[in-house]
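What follows is a short report on a single structure.
The values are calculated or read from the model by the stated rules, or taken from the named source; none is laboratory data. Predicted model, so just to flag it, every value in this text is computed and none were measured. Because the Cβ atoms are built from the backbone with ideal geometry, glycine has one as well, and the counts that use them run over all protein chains shown.
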Amino acid sequence: MTGGAGAVPARGFVRTLRANPVVVRVAAIAAVGGLLFGYDTGVIAGALLFVRRDFGAGPLAQEAVVSVLLIGATVGALVGGYLADRLGRRRTLIVAGGVYVVGALGCGLAPDLPTLVGCRFVLGLAVGAASFVSPMYISESVPPPARGGLTSFNQLAVTVGIAVAYLMNFALKDVPGNWRWMLGLAALPGLALVAGMLTLPETPRWLAEHGRDEPARAVLTRLDAGYGDADVEREVAGMRSGAGRRVATRDLFAPRLRRVFLVGLGLALFQQFVGVNTVIYYAPTILEQAGLGTDQAVSQALAVGLTNVAFTVLAILLLDRVGRRPLLLGGTAGLGVALLLLALYFGVGALRDSAPWLALAALLLFVAGFAIGLGPMFWLLISEIFPQRIRSRAMSTVTVANWLANFAVSATFLSLAGAATRTGAFLLYAFLTVLAMIFFWRRVPETRGVSLEEIEARLTRR
Ligand code: BGC
């Protein structure tokens, strides 16, 4: 159904994919950026045990190995915004893929601790840039009826990356030099990202915005977005609306954009402030503290990783059917309940004795709620709500906020739990979850099935 005049866009996620399989390839390749994001953030928990042994690293050095990636990601998100504007989305992902390869090989071959820390920083640069350029690339390329699900391929890849990292930690635990393999093997998907992106086109929106209408038209038709010929003209005209106007980050605070920017910023901060990475990075630690042996804690952490994947798949299937808001609100409510259960579990001694399974059940509920709501929704919504000419700057800015918040929460969790007890820590996250719900209810728009240009018109008109 490539571009026959008057063709009607297919409705619904699965039907759109059937009519238009090429967009699956586009989304799947760009999502390799997300796979590396998940793998590189997830793998270190297990690898760290062996790095400690080989290099005799103390607590400070270990913290450096873990958190330097988050700092690199913050810088990468900042630079990525500039590159995605200047070079285009596609070339930025190719550069990020190259940096992934260099960073992974550097980590795997590192002769000493400072080199390892330096290479984790380099890796972080790619993680930060790809974390938002991958979803932006997909969202700008695929047709509206499947945009929610396809853009969330990226988040699915993040969760698969985390689960594979947990598995590798487990599978390689007795192999000599194992941490070098765990870290170095990530060069392969890095190469796949470079090779895959070389076969894909630049997004039609970036092309149109840069005055390149002819290639923009060609790409729109090739992606078979279900547009008729007449619509391709109209779409390209709409995409071109901001062409040639220079934008600066301070434009985000202009009255017309401020509200939309605050929605993105709120989503960025709350995605981390509900405490997701205390669970993702410390699941085995939490389970161990709940009374499990180390082996059991590690294998149950795997259950956390798989639940994350499974519920992200569910989100992908539902997003373009029920919409963004119901999943965001429902999922966040679920994770709020889980936080209360965790607080209760660690607070009431009798409960720990009579219901030892409760800690794992609560962790799984937490991850399921996150995976069906805030996990995919943050990255999806920020790729939808910002006007074209400022999308890359805006996404980069709120992504920087997301990485900084991630750093703040994961760096303080263990000491917070020490100072305020685990019950206190989980109650704090539960309180922040309530604030998040109020904010989402009042501020987050529904974007299901609407073109990016129409979303822009609606949000900036208000
Ligand atoms: C978040 C990460 C988190 C991951 C868990 C992502 O959307 O940005 O911080 O580790 O989801 O699945």
query: Taking only pairs six or more apart or across chains, which ones have beta-carbon atoms under 6 Å, a first residue in the stretch 33-47 that is free of Cβ contacts under 8 Å to residues at least 12 places away in the same chain and within 16 Å of M136 (Cβ to Cβ), and a second residue that is within 9 Å of the ligand (Cβ to nearest atom) and of a type outside the set (D, E, K, R)?
result: none
Top-ranked residue of the stretch 207-228 - restricted to ones that are surrounded by 21 or more Cβ atoms within 10 Å (Cβ to Cβ) and closer than 14 Å to E140 by Cβ, ranked as modelled with the lowest pLDDT: A225
field: Selection status of A405, surrounded by 17 or more Cβ atoms within 10 Å (Cβ to Cβ) and within 24 Å of G81 (Cβ to Cβ)
entry: yes
message: So F346 passes all but one of these: (1) under 23 Å from L48 (Cβ atoms); (2) at pLDDT below 95; (3) buried (at least 16 other Cβ atoms within 10 Å of the Cβ). Which condition number does it fail?
response: (1)
- request: Evaluate the following for P204: is it buried (at least 23 other Cβ atoms within 10 Å of the Cβ), at pLDDT 85 or above, out of contact with any Gly (no Cβ under 9 Å at 6 or more places or on another chain) and of a type outside the set (G, A, S)?
  value: yes
query: Limited to the stretch 399-422, what total is found for residues that are away from the ligand (no atom under 16 Å from the Cβ) and modelled with pLDDT of 95 or more?
result: 0
- request: Residue by residue through the stretch 166-191, note down the ones that are surrounded by 17 or more Cβ atoms within 10 Å (Cβ to Cβ), assigned to a helix (DSSP H, G or I) and among the small types (G, A, S).
  value: G184, A187, G190
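Yes/no matrix, rows are residues, columns are (1) farther than 18 Å from E446 by Cα; (2) away from the ligand (no atom under 16 Å from the Cβ); (3) not aromatic (F, W, Y):
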residue	(1), (2), (3)
G323	no, yes, yes
L327	no, no, yes
L342	yes, yes, yes
L364	yes, no, yes
L381	no, no, yes
T397	yes, no, yes
task: Scan the stretch 253-296 for residues that are away from the ligand (no atom under 16 Å from the Cβ) and either of a type in the set (F, W, Y) or in contact with a strand residue (DSSP E or B) (Cβ under 8 Å, 6 or more places away or on another chain) (or both) and jot them down.
output: F253, F261
